[in-house]
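Below is one structure, written out as structure tokens, with a few remarks after it.
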Amino acid sequence: MGTDLTPVNAARVSYAKESQELTERDVRLIKFLAREGHTSPFRHAIAQFEVYAPLMVARQWWKYIVGSAHQEGTGDSLDAWNESSRRYITEEPLFYVPDVMEWRSAPENSKQGSGPIVHLPIGEEATYRLMGALDRGMADYEWALANGICAEQARLFLPAYGMYVRWYWTASLQSIAHFLAQRLEHDAQAEIQAYAKAVLTLIEARFPVSIGELLMKKEDA
């Protein structure tokens, strides 16, 4: 909902002025708003995404919804999140399985994050073991359903963190910029970085000036 004109017109509403087409003067106003931290006009621009991602990505993402009303100086509480539930659906589960060359080592000087790719034999063994765990979990899940156990309990057999879930995320442009500023960082988990890059591509197409200035503001900070 909205374009780069949305924050411009929101900022000028107190003067009863409205732009119909984006001008250089409007772009200068967007730059000023972002640079000086006058971010409330950016909350009037809204975007909605349908996301399909492993649960480990979804739970990292979720904290931006919980924290959106408590971001220092923003008061942004426009985020919404609605997620599919296996209490009600028995859609065929899909799981994220890293390739043998995608398993990362533990970092040497940190308790979180990851380091270089592990040696190939370890990666091969990791993929083999994960596939085995998923096969066992799926077999138990299907057994439970076949024997009349309710879906909301049968799902306990499913390995959780790699299972794909689907949700709608609706957020203000300011909140999206906050998410991108953190999850595009080089030290963000690789899996959520990939989703952040996709979000950036989609949001840039609609709000090229605003998102560029908001992210530049974050980089400067």
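The values are calculated or read from the model by the stated rules, or taken from the named source; none is laboratory data. The structure displayed is predicted, hence computed values, not measured ones. Quick reminder, even Gly has a Cβ in these numbers, built from the backbone with ideal geometry, and neighbours come from all protein chains shown.
Looking at this structure, is Arg28 in contact with a helix residue (DSSP H, G or I) (Cβ under 8 Å, 6 or more places away or on another chain), farther than 19 Å from Glu204 by Cβ and without any contact (Cβ under 8 Å) to a residue 40 or more places away in the chain?
Against the criterion (in contact with a helix residue (DSSP H, G or I) (Cβ under 8 Å, 6 or more places away or on another chain), farther than 19 Å from Glu204 by Cβ and without any contact (Cβ under 8 Å) to a residue 40 or more places away in the chain), Arg28 does not qualify.
Kindly evaluate Ala154 against the criterion of being of a type in the set (A, V, I, L, M) and out of contact with any Phe, Trp or Tyr (no Cβ under 9 Å at 6 or more places or on another chain). In short, no.
A count restricted to region 133-170 and to residues that are touching a strand residue (DSSP E or B) at 6+ places or on another chain (Cβ under 7 Å) and of a type in the set (Gly, Ala, Ser) stands at 1. Considered as a group, the residues in region 144-153 that are without any contact (Cβ under 8 Å) to a residue 24 or more places away in the chain and assigned to a helix (DSSP H, G or I) include one that is surrounded by the fewest Cβ atoms within 10 Å (Cβ to Cβ), and that residue is Ala146.
Quick test for you: out of Ser110, Ser77, pick the one residue that is of a type outside the set (Val, Ile, Thr), at pLDDT below 95 and not assigned by TED's automatic domain parsing to the domain that holds Phe49. Show your work before the answer.
On the way: Ser77 fails: not assigned by TED's automatic domain parsing to the domain that holds Phe49.
Residue meeting the stated conditions: Ser110.
Being in contact with a strand residue (DSSP E or B) (Cβ under 8 Å, 6 or more places away or on another chain) and crowded, with 18+ Cβ neighbours inside 10 Å is not true of Ala34. Filtering region 106-133 to residues that are assigned to a loop (DSSP other than H, G, I, E, B), without any contact (Cβ under 8 Å) to a residue 12 or more places away in the chain and surrounded by fewer than 10 Cβ atoms within 10 Å (Cβ to Cβ) leaves Glu108, Asn109, Lys111, Gln112.
In region 165-221, the residue that is nearest to the chain's Cα centre (by Cα) out of those that are of a type in the set (Val, Ile, Thr) and outside any helix (DSSP H, G or I) is Thr170.
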